[in-house]
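**Student:** One structure follows; several queries about it will come next.
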Amino acid sequence: MKTSRYTDAQSIAIKRQAEGGVPVAELCRKHGMNNALFHKWRAKYGGMDAAMVSQMNAMDRAIGTPLMEWMAPAPGVAMRHSGDIESPRAKEPSMGEIITIGLDLAKSVFQVHAVDEAGRVVLRRQIKRAQLLAFFADLSPCLVGMEACSGAHFWARELGKLGHDARLMPPSYVKPYVKRGKTDAADAEAICEAVARPNMRFVPVKTEEQQSVLMMHRARDFLVRQLTQVSNALRAHLGEFGFVVPKGVQNIERLLTLAEAGNLPANALNSIRLLAEQFRDTKVKIEDVTAEISSASDTDSTARRLKTIPGIGPITSSVLAATLPDASGFKTARDLAAWLGLTPKPHSSGGKERLGKISKMGNRYIRRLLYLGAMGVIAARRRRPAGDDWLWQLLERKPVKLVAIALASRNARTVWALLKSGESYQVARA
């Protein structure tokens, strides 16, 4: 069996002089001892006296382990420098022990907070964007939490390809776990804590196709806002010259005709023509994007089923299908209506129920589309004779806009039912 040419007495002498402040490297050179072997010896026998070292050497020889070669402690036992026995939990955790990671997303520098199975912090560091995927590729599959913000769905898809369980959370649900202050490290720690909560609600990771559909909706909504701005500008400018038409974007062309026929100064007329050109160009773009959305909804089976609900057209069905691919995230139909902000906001305490106005939380775009669709259904119903149906009875007792909110909430619950069952809408029989 191989033995070391260095004695334990030399090692003990070096250790004692090092405790007095003499550099270890200098002592090793003086005694002719290898520096690395001394550190191995101190890691294994550093807290023992000569008698205990002799006993350990005897045990090493009995099990066939060389005197000065490092041997990992037996399973369940780790040796401190003081010679005491400690549990494996006190060992320095390794990269392989990472179980949960909180990732604070950013544009260039990301913050990582990793813990092991016992919740102890294993890693805290910043990672640049170009190094992020390489960092996660070297890790074993683990749970990765992120806030549902800009770029979150892209990173969730990329980490999913590497075998990690990437989950997105609304930032408002993560905020209560921030201990103090606003730093990237504190945010990453809060994300790591929140993602491990058993009752946490997660945002479904969207595919590239779903995000492309939602991008069309956002582009259309942006163009509609621009069209409204140009319309308001035209009305305001021409109102100064006495040209006024009824409200509605459909009356803008009539306003422009009056302006061309009127005796306007050359400078004013040139400005109006500039805005009129932008108005017509924006209107054409909106029509093109709307046609693309309608075409996409015709090819989507979920959107086709949702279009059978009265008050839900191709635009609303398309955004619902892209935002809610399944209803598994909502236990009941009311949960979906509450998520869209169509349910009363409670102010209850002491056993007394107090319900206020609707919360208006969640996706404002979908809520607006459902409300506009409900107003269209109400307008069509008021043109027909009176009856005993639910909508007519509600219209007789409540204001129109309140009925529209009730109908929008009802349609949201119907959407949940169709997503859950996979069926199409069927009109209730009398």
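Where a number appears in this text, it was derived from the coordinates with a stated rule and is not lab data. Given the structure is predicted, the values throughout are model-derived calculations rather than measurements. Virtual Cβ from ideal backbone geometry, glycine too; neighbours counted across all protein chains shown.
**Student:** Would you work out which of Y365, A379, S348 lies farthest towards the positive end of the dipole of the stretch 323-379? Charges go on Cβ: Lys and Arg +1, Asp and Glu -1.
**Tutor:** S348
**Student:** So, with +1 on the Cβ of K and R and -1 on the Cβ of D and E, and no other charges, what is the size of the charge dipole of the stretch 95-195 about its Cα centre, to the nearest 20 debye? Before the final figure, lay out each step's value.
**Tutor:** Numbers: 13 positive and 12 negative charges, 77 e Å.
Roughly 380 debye for the stretch 95-195.
**Student:** Per the Kirkwood definition applied to all pairs of different Cα atoms, how many angstroms is the hydrodynamic radius of the stretch 332-387? Intermediate results must be reported in sequence, preceding the final value.
**Tutor:** Numbers: mean 1/r = 0.0757 Å⁻¹.
The Cα-based Kirkwood calculation yields 13.2 Å.
**Student:** While we're here: Give the span of the stretch 216-290's Cα atoms along each principal axis, as three whole-Å numbers ordered largest to smallest.
**Tutor:** 41, 23, 15
**Student:** Sticking with this structure for a sec: Compare the Cα positions of A261, Q278, T332 along the charge dipole of the stretch 248-357 (+1 at Cβ of Lys, Arg; -1 at Cβ of Asp, Glu; about the Cα centre) and return the one farthest towards the positive end.
**Tutor:** T332
**Student:** A further question on this structure: What is the mean projected area of the alpha carbon convex hull for the stretch 95-195, to one decimal in square nanometres? Could you put the intermediate results ahead of the total?
**Tutor:** Working: hull surface 22.6 nm².
It is 5.6 nm².
**Student:** Mind sorting S359, S297, S212 by how few other Cβ atoms lie within 10 Å of their own Cβ, fewest first? Don't jump to the answer; show the numbers that get you there.
**Tutor:** Numbers: S359 15, S297 24, S212 12.
Fewest-to-most Cβ neighbours within 10 Å comes out as S212, S359, S297.
**Student:** Could you estimate the translational diffusion coefficient of the stretch 174-228 from the Stokes-Einstein equation, with Rh from the Kirkwood formula over C-alpha pairs, at 25 °C and 0.890 mPa s, in whole µm²/s?
**Tutor:** Working: Rh = 14.3 Å.
Rounded to a whole number, D works out at 171 µm²/s.
**Student:** Rg and Dmax in Å for the stretch 302-421, alpha carbons only: what are they?
**Tutor:** 14.9, 46
**Student:** Let me ask something else about it. So how far, in whole Å, is the C-alpha centre of the stretch 238-276 from the one of the stretch 382-430?
**Tutor:** That distance is 41 Å.
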